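Novice: Before anything else, here's the structure in question.
The values are calculated or read from the model by the stated rules, or taken from the named source; none is laboratory data. What you are looking at is a predicted structure, and each value in this text was computed from that prediction instead of being measured. We place every Cβ from the backbone using ideal geometry, glycine too, and count neighbours over all the protein chains shown. Ligands, DNA and RNA are excluded from the accessible area calculation, which covers all protein heavy atoms including side chains. Shrake-Rupley method; radii C 1.70, N 1.55, O 1.52, S 1.80 Å.
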Amino acid sequence: MSEHSRHQIIKRLQAELPRGAPFDLAMLKTFGVSSKLAARYAESGWLVRLGHGVYAYPNDNFDASGALQLLQKRVAGLHVGGKSALALQGVRHNLAPKETLVLWGDARFALPAWFTTRFPSRYVNARLFEWPDDVLASKTLHTPPGQPAGLRVAVSERAVLELLYDTGTRESLEESRNLFDGLRSPRKDMLGRLLACCTSVKTVRLFLTWARETGVIDVDELLEQYPVRSGSAKRWMSRLDDGTLLSLNPHG
């Protein structure tokens with residue numbers, strides 16, 4: 001390929017591929033850029049190589065949402081979850097300036113270094129729900145108002161259960177309770193359907209316990225209408241990482 005042809009391709013790339021997000025070889029190939037040509041552009045300073053098969057424009061200060069949309073194409077079910085999802089929907093408690101970004105996904109995956117060095121984050125791959133169908137799984141992911149189109153974020157009802165799953169291990173009991181107290185008008189039907197397919201007894205019982213204490217939802221009515229998975233009739237007990245003994249009744 002001549003130098004002129006390479007220059008024409010990079011000009012088209014810069015004109016048509018928007019800034020604000022990294023891009024991979026699959027995207028570059030749609031513009032006629034092979035892996036060898038991408039490497040050549042990186043050597044010449046037209047592009048910056050972030051990691052294996054991932055590039056960006058020089059001095060393009062892309063944010064986490066732009067990078068996440070690239071990762072979403074690579075990892076099944078990848079979404080902003082737990083505490084981070086609640087924060088994007090207005091449920092906050094003393095949010096740190098560089099709060100660790102909590103991501104969930106359906107497959108085992110190691111977040112790439114180019115992402116974690118820019119955006120402190122952690123990834124959770126746990127089968128928290130046994131989905132009855134694909135509809136409920138997709139309905140519990142959305143793009144909150146004010147966020148870039150296409151960014152997948154857990155709805156607040158799913159996010160709070162993801163938070164409770166992490167409670168006692170990655171999230172403190174106190175922090176989780178403070179965030180739980182910030183819930184406003186959760187949808188009973190959505191919660192009932194999620195609790196009916198939630199695989200974590202601790203998560204279900206902790207939700208029911210705190211829901212009773214805060215009155216955020218009518219727990220008895222919820223239990224009458226949905227087959228909530230709360231385990232056996234025995235009390236669930238476990239000592240958390242900080243030494244606290246957590247004791248939960250079947251129905252809160």
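Novice: Does residue 152 meet the test of being basic (Lys, Arg) and open to solvent by less than 30 Å² (accessible area, probe 1.4 Å)?
Specialist: Taking the combined requirement at face value, the residue does not satisfy it.
Novice: Out of 152, 122, 187, 127, which single residue is within 24 Å of residue 237 (Cβ to Cβ) and basic (Lys, Arg)?
Specialist: Working: 152 fails: within 24 Å of residue 237 (Cβ to Cβ); 122 fails: within 24 Å of residue 237 (Cβ to Cβ); 187 fails: within 24 Å of residue 237 (Cβ to Cβ).
Going through 152, 122, 187, 127 in turn, just one is within 24 Å of residue 237 (Cβ to Cβ) and basic (Lys, Arg): 127.
Novice: Report, by residue number, each residue of the range 172-214 that is among the hydroxyl-bearing types (Ser, Thr, Tyr) and open to solvent by 30 Å² or more (accessible area, probe 1.4 Å).
Specialist: 172, 185, 199, 214
Novice: Could you give every pair whose Cβ atoms fall below 9 Å, whose first residue belongs to the range 122-150 and is under 13 Å from residue 190 (Cβ atoms), and whose second residue is open to solvent by less than 70 Å² (accessible area, probe 1.4 Å) and charged (D, E, K, R), counting only separations of at least 6 or pairs across chains?
Specialist: 129/158; 140/157; 140/158; 141/158
Novice: Further question on the same structure: For residue 247, state whether it is touching a strand residue (DSSP E or B) at 6+ places or on another chain (Cβ under 8 Å) and not aliphatic (A, V, I, L, M).
Specialist: yes
Novice: OK, next. Give the residue that is farthest from residue 173 (Cα to Cα), with candidates limited to residues of the range 194-222 that are in contact (Cβ under 8 Å) with a residue 60 or more places away in the chain and in a loop (DSSP other than H, G, I, E, B).
Specialist: 197
Novice: Something else about it: Select from the range 180-192 the residues that are assigned to a helix (DSSP H, G or I) and touching a Ser or Thr at 6+ places or on another chain (Cβ under 9 Å) and list them in ascending order.
Specialist: Within the range 180-192, 180, 181, 190 meet the criteria.
Novice: Criterion first (more than 24 Å from residue 87 (Cβ to Cβ) and in the same structural domain as residue 106 (by the TED database)) does residue 223 satisfy it?
Specialist: Spelling it out, residue 223 is indeed more than 24 Å from residue 87 (Cβ to Cβ) and in the same structural domain as residue 106 (by the TED database).
Novice: Return the pairs, sorted by first residue and then second, in which the second residue is open to solvent by 40 Å² or more (accessible area, probe 1.4 Å), the first residue lies in the range 168-179 and is assigned to a strand (DSSP E or B), the beta carbons are less than 6 Å apart, and the residues are 6+ apart or on different chains.
Specialist: Hits for this filter: zero, empty list.
Novice: While we're on this one: Only residues that are hydrophobic (A, V, I, L, M, F, W, C) and surrounded by fewer than 17 Cβ atoms within 10 Å (Cβ to Cβ): list them for the range 215-252, please.
Specialist: 233, 237, 240, 245, 246
Novice: Is the range 153-167 home to any residue that is under 30 Å from residue 243 (Cα atoms) and free of Cβ contacts under 8 Å to residues at least 24 places away in the same chain?
Specialist: Among the residues of the range 153-167, not one is under 30 Å from residue 243 (Cα atoms) and free of Cβ contacts under 8 Å to residues at least 24 places away in the same chain, which makes the answer no.
Novice: Quick one: is residue 14 over 30 Å from residue 181 (Cβ atoms), polar (S, T, N, Q) and assigned by the TED database to the domain that holds residue 177? Please lay out each step first, then the result.
Specialist: Details: over 30 Å from residue 181 (Cβ atoms): yes; polar (S, T, N, Q): yes; assigned by the TED database to the domain that holds residue 177: no.
Judged against the criteria, residue 14 is not a match.
Novice: I'd like to know if the range 1-13 contains one or more residues that are in a loop (DSSP other than H, G, I, E, B), open to solvent by 80 Å² or more (accessible area, probe 1.4 Å) and closer than 20 Å to residue 70 by Cα.
Specialist: The answer is no; no qualifying residue exists.
Novice: Taking helices (runs of 4 or more DSSP H) that fall entirely within the range 18-129, which contain at least 2 residues that are open to solvent by 30 Å² or more (accessible area, probe 1.4 Å) and outside the structural domain of residue 185 (by the TED database)?
Specialist: Because the criterion is at least 2 residues that are open to solvent by 30 Å² or more (accessible area, probe 1.4 Å) and outside the structural domain of residue 185 (by the TED database), the helices (runs of 4 or more DSSP H) in the range 18-129 that meet it are 25-29, 35-44.
Novice: Looking at (1) open to solvent by 20 Å² or more (accessible area, probe 1.4 Å); (2) on the phi < 0 side of the Ramachandran plot, which is the only condition residue 146 fails?
Specialist: Condition (2) is where residue 146 drops out.
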